[in-house]
Each structure stands twice: as C-alpha cells, then as structure tokens.
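Following: one structure in structure tokens, then a few remarks.
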Amino acid sequence: MAAWLDALAAAERNAQAAVLVTVLTAKGSTPREAGAKMVVSIEGIAGTIGGGSLEHQCEAAARTMLADGADGIHTRDLPLGPALGQCCGGHVSVLFEIIRPPRLHVALFGAGHVGKALVKILADVPSRVMWIDSRPEVLPANLPANVVPLRTSQPAQAVEALPAGSVVIIMTHDHQLDFDITAAALRRGDLRAVGLIGSDTKRARFTGRLLRQGLSRAQIDRLICPIGLPGIEGKEPAVVAVSVAAQLLQLQSSQQTAAPAPSLQQLHRSCGDCVCPPVTQESR
C-alpha cells in the first residue's frame, strides 16, 4: 500500500498528473482481490493490480487517458480470458481516477497582512501557491498543504524560475521591491498574469519607470494594477484578499472555458486610492 500512496504524494508534490487504478470487483479466479491499487504516472508504476496482461493493458489505458487530457473517473469491465491473454477465467471491473495538479499556480510575493489573508483563502481553493518573502521571520511555520514557502534575499530573481503559466501576485513591504519583481515578471512572456497591489497613481509611476528600463507598452499593458475585482469596497486585509482571490478564480474560469479574458479595466479595482495601508513592515 505504501508504494502507491508514496507515488500519489510525489505526483502532488511535483505537480504531475497521475492515474489511480483500483480493482473495484473481482469475480472468480483473478490475479488480485477487490481494492488492489496501482498508480500510473510519468515516473512509472507504483503498486500492482496483479501483473500480467491485465496490468499491462490497464497501464496503457491510463497513459492514453493522461495523454488525451482526460479528467474524472472511468470504469472498465475486463473478462480475464483469452482475449486479454490471461487464463484466470475470472472477471474484474477496474476504476481509473485521473488526478491532475491544479491549473492555478500562484507565485505570491509578500507575507504581510494581505498576503497572509490571501493564503488562508487559497488553502481551500484548488491551487498551488509559492509564497515568497525576503524576511525569514514573517513566513509562518505551519502552512497549508498547497503552499510552499520560499525565503530569499533576492525575491526578484525568483521570478525567473517560476513555472510557465504562473500567476504572479506582488504585495511586498517595499515599493522598490515591488517594482523589481514587477519588471522581472513583465519581461517574461509565458506568465498567465501579473498583478500588483496599489493604486492608479502607483501604476502610473511604475509605468514611467518601466518604460525607462526598456519595457514595451505591450509588456506593461499586461500588468493588472490595482488588483482585485471592481466594486468590492474596503481596505481591510481580509476584504482585499477576498477581492484578489475572486479575481484569480475569474481569470482561471475565463481561460478554462476559452471565454474572452476580462479587460484590464474590468480586472482593476475601481477605488481611487491604494487598496492597502501605508507601506511599512507593520502595515503589511
């Protein structure tokens, strides 16, 4: 049992898809009893449902499901006769559970009040969160299972190693650090979105600086600032975090359904001022 459990844990840890194959029923003479399991992933097979042609064909079916982008659960009834190349003479039904990593991968820069509130929300959302801060004392020791902390003295350099398709959320304790991370993220063309906490004034100032650093208007136009859904009032950390989380889910939903992505104006908060308290270590 430990082998397939370890394989599932490794797939989750490495953000890899896998198929959990389970013998649902076993009638007559069969290689394994009901409840036997194996996991099929890019790493190979862990566990066994009895070996032989049954296991080989179930592995092939699982790999086809992974390659075809299938989701959900599937069942197959398999007589263990000459057609399957086994002479057991019994009959099994097999369950295929396709387990894919969450499509929402968030790189959250900043472990202040809003960052902590956002992590609490994302703990219950299908997502993977890399939580990055330069201050070792502010990242909590006990984190949700979907959150990986990264303590680094150079947060902007961490942008380069982020997986393609990540959503970058920037809300650090320092405006210069915000700028450095923003510039690094906008230079990458393979990130799903780049969001910055702040105000329209902050966006305007950053735009001028980014242009002077050589970024194009097209690159800068990808920046979502202020972040959060329009119409949600309040600057309390929990309120801002709910607004940002809702925006993340809206962005995720729009891409999953192939609907037109919301415009920058739709995605921006419509409050005239900064959505957070003054930028200090105490306020963030």
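Please indicate, with yes or no, whether at least one residue in region 32-45 is under 30 Å from residue 144 (Cα atoms) and free of Cβ contacts under 8 Å to residues at least 12 places away in the same chain.
Taking every residue of region 32-45 in turn, at least one turns out to be under 30 Å from residue 144 (Cα atoms) and free of Cβ contacts under 8 Å to residues at least 12 places away in the same chain.
Is region 187-207 home to any residue that is outside any loop (DSSP other than H, G, I, E, B), within 24 Å of the chain's Cα centre (by Cα) and surrounded by fewer than 19 Cβ atoms within 10 Å (Cβ to Cβ)?
Step one: list which residues in region 187-207 are outside any loop (DSSP other than H, G, I, E, B), which gives 187, 193-196, 200-207.
Filter once more, so that each one left must be within 24 Å of the chain's Cα centre (by Cα): 187, 193-196.
Next, only the ones that are surrounded by fewer than 19 Cβ atoms within 10 Å (Cβ to Cβ) stay: 187.
So far as region 187-207 goes, yes, one or more of its residues are outside any loop (DSSP other than H, G, I, E, B), within 24 Å of the chain's Cα centre (by Cα) and surrounded by fewer than 19 Cβ atoms within 10 Å (Cβ to Cβ).
Return the total of residues in region 32-53 being of a type in the set (Val, Ile, Thr) and either in a strand (DSSP E or B) or at pLDDT below 90 (or both). Break it down stepwise before answering.
Step one: list which residues in region 32-53 are of a type in the set (Val, Ile, Thr), which gives 39-40, 42, 45, 48-49.
In the following step, the residues that additionally are either in a strand (DSSP E or B) or at pLDDT below 90 (or both) were identified as 39-40, 42, 45.
Total meeting the criteria: 4.
Only one of 229, 210 is modelled with pLDDT of 95 or more and assigned by TED's automatic domain parsing to the domain that holds residue 121. Can you tell me which? Reasoning before the result, please.
Details: 229 fails: modelled with pLDDT of 95 or more.
The unique qualifying residue is 210.
Does region 156-181 hold any residues that are more than 16 Å from residue 115 (Cβ to Cβ) and assigned to a helix (DSSP H, G or I), and which are they?
156, 157, 159, 160, 161, 176, 179, 180, listed by residue number.
With respect to the numbered conditions (1) in contact with a helix residue (DSSP H, G or I) (Cβ under 7 Å, 6 or more places away or on another chain); (2) under 21 Å from residue 243 (Cβ atoms), which one is the sole condition not fulfilled by residue 115?
Evaluating residue 115 over (1) in contact with a helix residue (DSSP H, G or I) (Cβ under 7 Å, 6 or more places away or on another chain); (2) under 21 Å from residue 243 (Cβ atoms) leaves (1) as the failure.
Yes/no per residue for (1) surrounded by 20 or more Cβ atoms within 10 Å (Cβ to Cβ); (2) at pLDDT 90 or above; (3) in a strand (DSSP E or B):
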site: 98; (1), (2), (3): no, yes, yes
site: 106; (1), (2), (3): yes, yes, yes
site: 117; (1), (2), (3): no, yes, no
site: 129; (1), (2), (3): yes, yes, yes
site: 140; (1), (2), (3): no, no, no
site: 143; (1), (2), (3): no, yes, no
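Need pairs with beta-carbon distance below 7 Å; first residue surrounded by 12 or more Cβ atoms within 10 Å (Cβ to Cβ) and within region 208-237, second small (Gly, Ala, Ser) and part of a loop (DSSP other than H, G, I, E, B); sequence gap 6+ or separate chains.
Filtered contacts from region 208-237: 225/198; 226/198; 226/199; 230/270.
Which of the residues belonging to region 2-31 are at negative phi, touching a residue at least 40 places away in the same chain (Cβ under 8 Å) and outside any strand (DSSP E or B)?
Looking only at region 2-31, we keep the residues that are at negative phi, and these are 2-14, 16-27, 29-31.
From what is left, the residues that are touching a residue at least 40 places away in the same chain (Cβ under 8 Å) are 3-4, 6-8, 11-12, 16-27, 29-31.
3, 4, 6, 7, 8, 11, 12, 16, 17, 29, 30, 31, listed by residue number.
Can you give me the number of residues within region 127-150 that are over 16 Å from residue 178 (Cα atoms) and charged (D, E, K, R)?
2
Against the conditions (1) buried (at least 20 other Cβ atoms within 10 Å of the Cβ); (2) more than 26 Å from residue 125 (Cβ to Cβ), where does residue 157 fall short? Just the number, please.
Of the numbered conditions (1) buried (at least 20 other Cβ atoms within 10 Å of the Cβ); (2) more than 26 Å from residue 125 (Cβ to Cβ), the odd one out for residue 157 is (1).
Say whether the condition of being in contact with a helix residue (DSSP H, G or I) (Cβ under 8 Å, 6 or more places away or on another chain) and more than 30 Å from residue 248 (Cα to Cα) is met by at least one residue in region 101-109. Give the steps one after another, and end with the answer.
Step one: of region 101-109, the residues in contact with a helix residue (DSSP H, G or I) (Cβ under 8 Å, 6 or more places away or on another chain) are 101, 103-104, 106-109.
With the extra rule that they be more than 30 Å from residue 248 (Cα to Cα), the set shrinks to none.
Taking every residue of region 101-109 in turn, none turns out to be in contact with a helix residue (DSSP H, G or I) (Cβ under 8 Å, 6 or more places away or on another chain) and more than 30 Å from residue 248 (Cα to Cα).
Can you pull out every residue in region 23-44 that is surrounded by 21 or more Cβ atoms within 10 Å (Cβ to Cβ) and over 18 Å from residue 69 (Cα atoms)?
Step one: of region 23-44, the residues surrounded by 21 or more Cβ atoms within 10 Å (Cβ to Cβ) are 23, 26, 30, 36-41.
Result: 23, 26, 30, 36, 37, 38.
The values are calculated or read from the model by the stated rules, or taken from the named source; none is laboratory data. Values in this document were obtained by computation on a predicted structure and should not be read as measured data. No Cβ is skipped: glycine too gets one built from the backbone with ideal geometry, and neighbour counts run over all protein chains shown.
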